[in-house]
Every structure is written in structure tokens, then in C-alpha cells.
Amino acid sequence: MNRSFKYSSVALQTLTRKEVARFMRIWTQTLIPPVITTCLYFLIFGNLIGPRIGPMQGHSYIDFIVPGLVLMSVITGAYTNVASSFFSAKFQRYIEEIMVSPVPNYVILIGYLVGGMVRGILVGMIVLAVSALFATVDIVSPVIAIVIFVLTALVFSLGGMINGMFARKFDDISIIPNFVLTPLIYLGGVFYSVQMLPEFWQIVSLANPILYVINVARFAFLGSSDVGLLASFSVIGTCIVTLFTLCMILLRRGYGIRE
């Protein structure tokens, strides 16, 4: 086995174990809150308000919102894990030891991404299990559901990585989730179909990448979607390539690390 590949494999395994152990040590702060929040959504929107809204796309309202709520937990879990972990490494200055080691930048990036993806997918699976207590969960296409779980966790782990690199203080890692990510999630069709919107706002909604991941999940769960699968996967793939390239450029320049 090539020695460089062997060293990179050891470094990747070490980084991944560290990232997973980090959020598992504080599982009451990282895994439980999204579940409680989702239960409140089901109680308020699903059981109290949902019957007044009526069926949506041929499904009961509470069944309609399940895919969006599950994806919402994946998005926030993956994003916040990478953003907070990478910024903590900068703040405690051990990222410098990693950067000066003979570990390729792509290994460092993948190590953080895997940690964020594991947390996002794990939270999503817990929320999915809890949603079965409130709604009927019949997944029409399990393969597409798994794929969209993984791709969504990857996209928003990359986003969290960029946030972590640009952040200069702890407040900076909460600004984007609070003022950008949360509005995009709520306007991405978690609680409604974009077909209900006026034509102008339907077109505006197409600029929201979260609309595409939620609609792919809705297709996987319910078999219906506002946006075609090909268009959705094209947007998601473009986001992954763009964000991954940007992360590699920032890591190579040491942005936020060497300054």
C-alpha cells in the first residue's frame, strides 16, 4: 500500500472519530433538542392546525410535512456541527497543528464533513422514527430517501465549513443559521406546496436551494413533488461542486487560520 495513502487513511479515521465522539459526548445538546422541536411542530401544525388546512397534494397535512421536518433536522444538524467544530478548532488553536501536519487539505475537509454528515443523518433518523408516532410514514422510494439524506447532509456540512472558516467570534457561527438558513428552510416548502404561491413568488422560490432537497425528500416519501427530480439533483450537484471547490480554495489559502 502506498505510504502516503496509508497516512491519509489514518488521519481521516482519526479526524472522523474525533468529530463523531465530540457530538456524541454531548448528545443531550446535539441529538435531543431537534427531536423535541419536531414533536412540537407535529403537535401544533400537524394535530391542531393541520385538520383545519385539509389535505395537501392528496395527503393529510401531517403526512405532507413529515419529509420537510426530517430534512430540516438533517440540515441544521450537519451545518451547526461543522461550523461549531471547525471554529472551536480555530479558537483553541489546534487547527494550526493539523494544518502544519503532512495531512492533505482534502483529508481535513472530508474528516470534518463526515462528522457533520453523521450527526445530520443520525438526527434525521431519530426524527423520522419519532414522526411515525404522529403520522403515517410510508416511504415510496427508500433509495432516493437515503440518497437525499446523504446529499443534504453533505451540502450543508460544506456550508457549515465555510461559515466556520469565515467566523471570527462565536456569534458569527450563529448569524447565518439564524438569519439566513432558518428563513430559507421555512420558505423552502416545509409547511406548504410552492404551487399555492402566486406565480411571481413561485419563480422567486426556485432560487432557494432548500426547495429542491425538500421536494426530492417529499417525492421519496409521498411520491409527489413540486419540482422535477432531474432539476433538483442538478441543483444539488452544482451546490456540492461549488461549495467543495470553495472550501478547498479557502483551506489552501489558510483563510481565517493564518490571519
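Some values worked out for this structure:
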| item | result |
| --- | --- |
| Residue-normalised accessible area of the chain, expressed per residue, 1.4 Å probe, Å² | 49 Å² |
| Label-point separation, V147 to L133 (7 Å along Cα→Cβ), nm | 3.3 nm |
| 0 to 90° range, to nearest 10: angle between helix 3-25 axis and the chain longest Cα axis | 50 degrees |
| Neighbourhood net charge (11 Å Cβ-Cβ; Lys/Arg +1, Asp/Glu -1) for Q57 | -1 |
| Length added when fully stretched, L230-R3, from 0.36 nm per residue minus Cα-Cα | 77.7 nm |
| Kirkwood Rh, angstrom, region 149-259 [1 / mean 1/r, Cα pairs] | 15.3 Å |
| Overall Cα dimensions of region 1-111 - principal axes, largest extent first, Å | 62, 31, 18 |
| Rule-of-thumb Rg ratio for the chain [Cα; 2.2 N^0.38 Å; N residues] | 1.05 |
| Evaluated at q = 0.14, 0.18 Å⁻¹: base-10 log I(q)/I(0), Debye formula over Cα of region 52-202 | -0.76, -1.07 |
| C239 - accessible surface, heavy atoms, 1.4 Å probe, Å² rounded to 10 | 40 Å² |
| Segment S60-I203, extension gain: residue separation times 0.36 nm, minus the distance between their alpha carbons | 48.9 nm |
| Lys/Arg +1, Asp/Glu -1 at C-beta; the chain dipole; positive extreme among G68, Y79, V140 | Y79 |
| Part-to-part distance (alpha-carbon centres) for region 107-142 and region 191-259, which is given in Å | 17 Å |
| Carbon + sulfur, % of accessible area of the chain - ligands and nucleic acids excluded, 1.4 Å | 69 percent |
| Cα lying deepest toward the dipole's positive end in region 1-69, options V35, G50, A21, charges on Cβ | A21 |
| Over the chain: helical MRE at 222 nm, DSSP H runs n ≥ 4 each giving -39500 (n - 2.57), nearest 500 | -23500 deg cm²/dmol |
| Cα-Cα P(r), region 141-202, percent of pairs per 10 Å interval | 18, 35, 33, 14, 1 |
| Distance in nm between pseudo-label sites at F170 and T242 (7 Å out along the Cβ direction from Cα) | 3.3 nm |
| Cα-only Debye scattering, region 90-129: base-10 log of I(q)/I(0) at q = 0.19, 0.27, 0.28, 0.36 Å⁻¹ | -0.65, -0.88, -0.91, -1.06 |
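The values are calculated or read from the model by the stated rules, or taken from the named source; none is laboratory data. Just so it is clear, the model here is predicted, and its values are computed rather than measured. Reconstructed Cβ throughout: ideal geometry from the backbone, glycine too, with neighbour counts over all protein chains shown. Side chains are part of the model used for accessible areas, which takes the heavy atoms of the whole protein and leaves out ligands, DNA and RNA. Shrake-Rupley method; radii C 1.70, N 1.55, O 1.52, S 1.80 Å.
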